[in-house]
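Derivation of every value follows stated rules applied to the coordinates shown; laboratory data play no part. As the structure is a computational prediction, the values presented were derived from the model and not from experiment. Cβ: placed from backbone, ideal geometry, glycine included. Neighbour counts: every protein chain shown.
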Amino acid sequence: MDLSLVYVASINDSEPDFGVSCLHGPEECAGNVQQLCVNKYAPFSNWWEFVKCQNFQGRYNIGTPEVALKCATTAGIDWQMSGAGECAGLDGSGKALEGVDLLRKSTLLGKELKITKSCTVLISGRAVCVHDGTWKDCENGHTISDFVRQIEDEYKKLNK
């Protein structure tokens, strides 16, 4: 199974730090960069702990250098040595070139997949459910057990 996050943003070449505009502003873009870089350079379990830690801090704190560095430590990631820090910015800013490029690529992938709402759940590239204030377009359910069942069904289909 491959779990990833694709970020909803718009390409904006006049945006000075990121080249994209994120729905909740530059701090959200910085948080997206931080998460993409940790995803690239840390094992899955550490990356997921990092994402959960950032989300636990509240929407308005995601993307701040302090939260990135705190969550890296909490998730067992060596920010300086793992590659994640260099990718996102050793200072935790989320503005380093490699990370900004990852965000731009993620934004383009979101457009290609026709993702317009956060959170859109895709299984094998197909939208199976959207949460936008409430769950929508979830013909096979929206609970954890529903998603597990759908993933298991897809796995069986792919491995016949």
Restricting attention to the alpha-carbon atoms of segment 50-141, what are Rg (one decimal) and Dmax (integer), both in Å?
15.7, 44
Within a 10 angstrom radius of the beta carbon, how do Leu36, Leu5 rank from fewest other beta carbons to most?
Leu5, Leu36
Strictly under 4.7 angstrom between C-beta atoms: which cysteines of the chain have no such partner?
Cys119
Enter the Cα centre distance for the pair segment 122-160 and segment 28-52, rounded to the nearest angstrom.
23 Å
Dimensionless Rg/Rh of the chain, both radii on Cα and Rh by Kirkwood, sits at 0.99
Checking segment 1-92 for trypsin sites (Lys or Arg not before Pro) in a loop per DSSP with at most 16 other beta-carbon atoms within 10 Å yields Arg59
Going fewest to most other Cβ atoms within 10 Å around each Cβ, Phe44, Phe147, Phe50 line up as Phe44, Phe147, Phe50
